[in-house]
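Asks: The structure is given below, and queries will be raised subsequently.
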Amino acid sequence: MKNKVVIAMAVVNMQWKRIPENIREEILSNVWCSNCQDVVSLTDYQIENNGLGLIISGKCSVCGSEVARVVEKE
Ligand SMILES: [Zn+2]
């Protein structure tokens, strides 16, 4: 079970790394925070795959609220 989780994480990581770096940076620095009512950047993020795309969840760099962003599969 633990191995499966590690493999899933590796796959997600690979999918994330396949996105060009400038786009990844843009994704991480353009997340809507409902608390700030503004576009903020993401810190302490983790990436998951829900089958539809990658879900990047983390914290707002301004207020620390939990924020998430979906990167849809092309
Ligand atoms: Zn915020």
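Readers should treat all values here as calculations from the given coordinates under stated rules, not as data from a laboratory. None of these values were measured; they are calculated from a predicted model. Cβ atoms come from the backbone with ideal geometry, glycine included; neighbour counts cover every protein chain shown.
Asks: So, of the residues in region 1-29 that are touching a residue at least 12 places away in the same chain (Cβ under 8 Å) and not in a helix (DSSP H, G or I), which turns out to be farthest from Cys60 (Cα to Cα)?
Replies: Out of the qualifying residues, it is Ile19.
Asks: Quick one: is Glu66 within 10 Å of the ligand (Cβ to nearest atom) and acidic (Asp, Glu)?
Replies: When the stated conditions are applied, Glu66 passes them.
Asks: In addition: Within the set of pairs 6 or more residues apart or between chains, which connect a residue that is farther than 17 Å from Asn13 by Cβ inside region 56-74 to a residue that is of a type in the set (Gly, Ala, Ser) and within 16 Å of the ligand (Cβ to nearest atom) with Cβ atoms less than 7 Å apart?
Replies: Correct list of pairs: Lys59/Ser65; Ser61/Ser41; Glu66/Ser57; Val67/Gly58; Ala68/Ser57.
Asks: Now a separate question. Taking region 26-40 as the region of interest, how many residues are closer than 21 Å to Gln15 by Cβ and in contact with a Cys (Cβ under 8 Å, 6 or more places away or on another chain)?
Replies: Adding up the residues that qualify gives 1.
Asks: Scan region 46-63 for residues that are away from the ligand (no atom under 14 Å from the Cβ) and either in contact with a Cys (Cβ under 8 Å, 6 or more places away or on another chain) or part of a strand (DSSP E or B) (or both) and jot them down.
Replies: Gln46, Ile47, Glu48, Asn49, Gly53, Leu54, Ile55, Ile56
Asks: Can you tell me which residue in region 11-33 is farthest from Ser65 (Cα to Cα), limited to those that are surrounded by 10 or more Cβ atoms within 10 Å (Cβ to Cβ) and over 13 Å from the mean Cα position of the chain (by Cα)?
Replies: Here the residue is Val11.
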